[in-house]
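Okay, structure first, notes after.
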Amino acid sequence: MYSGPILFLILLLAGSQAKGSTLQSEGTRSPSQETPPPRGTLTFAENFHVFLVYNNGSLNLDLGDPDSLPETPQSGLYSDNAPASGSFFDGSVREFRSVLALLFSRRQQLFHVGIGLSNMELGKPGPDLTKGRAKTNLHINSLSTEIAVLKKIPKFGYTKGTVILDTMIDGRIRTQYDTTADGATAIVDSQLKSGFKLAIGGEYHINITEGLSLGVNAGIQYGIMSFDNRKKTSSLYGLSYGLACLLRI
């Protein structure tokens, strides 16, 4: 039978030994057994992005023949006698696109899919596309869907390759041509019936803040359209380039 002071001393020594064993085991614990650190900044794969894009470019139009001309032009004004159809060039181009995109990763590759709206103006309010003494301007609203592959550049930004399909919703084309040598004109107005446009391009974005990136883009575009009073389909094609703003939410 232990006396009170001796029992107290034995209990104290046992407690010290247990504490020492615990500290030793914690000191030799492997990194894989440690509690993971709290999550920090969200990665691209955990974000929704909002893209705002403004493009210029050099797009051309090949217009199908109208069902009829309001006035027949004076002989010799147009070598092909087709003032409101054929190839039109050299007009101004403006395209505004807003897209909401979901980002995700597959096999360590980062992708995004997005949907949004696009507004395209060829010609007015800038210079119209021209063909000799004729000129034309086009306005199109579209529903845009896109898929992109992204590559991050640590601390700076990322590069992006994108395929965009625009489904045209509504639009109008107006062609004005001279009917006489002294400048009398006639106008052919056509409403859009349907159309699609495919764009393939690349972008480079620089991170400004955690939630904002600014970038530049360039690509090629090709589209097919049909109008309510033209016999054949029309097409647009050419290059586009511009600026992009990305907001992370």
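The values are calculated or read from the model by the stated rules, or taken from the named source; none is laboratory data. No experiment lies behind these values; they were computed from the predicted model shown. All Cβ positions, glycine included, derive from the backbone under ideal geometry; neighbour counts span all protein chains shown. Areas reflect the complete protein model, heavy atoms only, side chains present, ligands, DNA and RNA absent. Shrake-Rupley method; radii C 1.70, N 1.55, O 1.52, S 1.80 Å.
Okay, residues lined up against (1) among the hydrophobic types (A, V, I, L, M, F, W, C); (2) under 25 Å from Gly114 (Cα atoms):
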| position | (1), (2) |
| --- | --- |
| Val188 | yes, no |
| Ser194 | no, yes |
| Gly201 | no, yes |
| Met225 | yes, yes |
| Tyr241 | no, yes |
| Arg248 | no, yes |
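Taking segment 158-213 as the search range and keeping residues that are of a type in the set (Phe, Trp, Tyr) and farther than 30 Å from Leu77 by Cβ, which one is surrounded by the fewest Cβ atoms within 10 Å (Cβ to Cβ)? If you could, list the steps in order and put the result at the bottom.
Our first condition is that a residue be of a type in the set (Phe, Trp, Tyr); within segment 158-213, this holds for 158, 177, 196, 204.
Then keep just the ones that are farther than 30 Å from Leu77 by Cβ; that gives 158, 196, 204.
Values: Tyr158: 19, Phe196: 13, Tyr204: 17.
Filtering first and then ranking leaves Phe196.
Taking segment 218-249, which residues are open to solvent by 20 Å² or more (accessible area, probe 1.4 Å) and under 22 Å from Leu103 (Cα atoms)?
If the condition is that a residue be open to solvent by 20 Å² or more (accessible area, probe 1.4 Å) and under 22 Å from Leu103 (Cα atoms), then Ala218, Leu243, Cys245, Leu247, Arg248, Ile249 are the ones that fit.
Could you list, in sequence order, all residues of segment 167-186 that are among the small types (Gly, Ala, Ser) and outside any strand (DSSP E or B)?
Within segment 167-186, Ala181, Gly183, Ala184 qualify.
So Thr43 ticks every box in (1) within 23 Å of Thr162 (Cα to Cα); (2) at pLDDT 85 or above; (3) among the hydroxyl-bearing types (Ser, Thr, Tyr) but one. Which box is left unticked?
Only one criterion in (1) within 23 Å of Thr162 (Cα to Cα); (2) at pLDDT 85 or above; (3) among the hydroxyl-bearing types (Ser, Thr, Tyr) is unmet by Thr43, namely (2).
Wholly within segment 80-125, which strands (runs of 3 or more DSSP E) include no fewer than the required count, namely at least 2 residues that are among the β-branched types (Val, Ile, Thr), open to solvent by 20 Å² or more (accessible area, probe 1.4 Å) and free of Cβ contacts under 8 Å to residues at least 60 places away in the same chain?
Working: elements: 86-88, 93-106, 109-122.
Result: 109-122.
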